[in-house]
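Let me begin by presenting the structure, written as structure tokens, before commenting on it.
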Amino acid sequence: MPGLKAKPPPEDYQPQLVRVLLAGLEQSRPAAAQWLAAHADAFVVVAWTHLFYGTYRDIALDLPGIERLLAHQAPSERDRRELESWPLRLKRLAHILGDALPMLGRRIARPGTRLQMHDATRYMRDREGVGTRVRALVRSSLESAWAARERVLLIGHSLGSVIAYDTLWELSRQGAAGRVDLFITMGSPLATRFVRRRMRSAGTEGAAAYPHNIRRWVNLAARGDTTALRPRLKPYFHAMLDLGLTESLEDYVDLENYFRGSIGLNAHEVYGYLAQRTLIEIIGDWLERS
């Protein structure tokens, strides 16, 4: 489940996402890599951003960054310096303050941040029914997999993690019988005040406030990712464990996402998350058990 901003057409986007994941699996999980290479169509991209933007992005913009990512197994010293740089730390601090103090946030937010908040609000307020239509796409993919009696690994990146969570919550309320075996969130804003006040479950309490259809939840956040402002989700969703609604909720933070694309170093980029050794081991284990 991708995040905000226009994405390439799914027929171009999906092979590149699989390519990055396969490159990691081939190094440490060859059996899982062999299975995924033979069943690449099992990796389904829920293409939804065209409903927002009415267009697709050219995949050619991503290719140089992907090639660099695959050629380098670790961040360079330059990458690490940028990830720890004061400008990035100050940007993150400004976002945290803006999330905690919305009036201040509106004053100090940069134009790009304001645009992202506008787009996120458009989804969460269901303006012109766009949120309902986006969740219908997720629901359709999940119900197709459940009808085929397949085990489901659902990955949500950025706002895509919010959309996925909202969809699972709605399915729980409607009594859907399917279950997500493994839910992975990457660069997720689910713990931010901005999102928590606008989620589909906002205003509900107790068990009704959470999805009941996630067996295991793994959350990943990279250093320098200014979308995952509160990188650990367990402090905000631990009630799911207390209520027995999920078997585990794990946070893996302080990862190094060193994807460098057309806009420079981007610690939030999905390709960089898919190359994380932690993620590769988790997905490799899941595929091998399947």
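Details
- Across segment 196-221, the number of residues qualifying as under 16 Å from the mean Cα position of the chain (by Cα) and either within 26 Å of TRP286 (Cα to Cα) or surrounded by 22 or more Cβ atoms within 10 Å (Cβ to Cβ) (or both) comes to 7.
- Whichever residue in segment 36-50 is among the small types (Gly, Ala, Ser) and surrounded by 12 or more Cβ atoms within 10 Å (Cβ to Cβ) and, among such residues, is nearest to the chain's Cα centre (by Cα): ALA47
- Every condition in (1) modelled with pLDDT under 70; (2) under 30 Å from ARG289 (Cα atoms); (3) among the basic types (Lys, Arg) holds for ARG114 except the one numbered (2).
- Single residue of segment 201-215 satisfying the filter (in contact with a Leu (Cβ under 9 Å, 6 or more places away or on another chain) and in a loop (DSSP other than H, G, I, E, B)) that is nearest to ARG230 (Cα to Cα): TYR210
- Residues (hydrophobic (A, V, I, L, M, F, W, C), without any contact (Cβ under 8 Å) to a residue 40 or more places away in the chain and in contact with a Leu (Cβ under 9 Å, 6 or more places away or on another chain)) located in segment 240-290: MET240, LEU241, LEU249, VAL253, LEU255
- Residue ranges of helices (runs of 4 or more DSSP H) in segment 17-80 with at least 1 members under 30 Å from GLU143 (Cβ atoms): 30-38, 49-53
- Of residues in segment 222-252 being assigned to a strand (DSSP E or B) and out of contact with any Ser or Thr (no Cβ under 7 Å at 6 or more places or on another chain), the one surrounded by the most Cβ atoms within 10 Å (Cβ to Cβ): ALA222
The values are calculated or read from the model by the stated rules, or taken from the named source; none is laboratory data. Keep in mind that this is a model prediction, so the values were computed, not measured. FYI the Cβ positions are ideal-geometry reconstructions off the backbone, even for glycines, and counts take in every protein chain you see.
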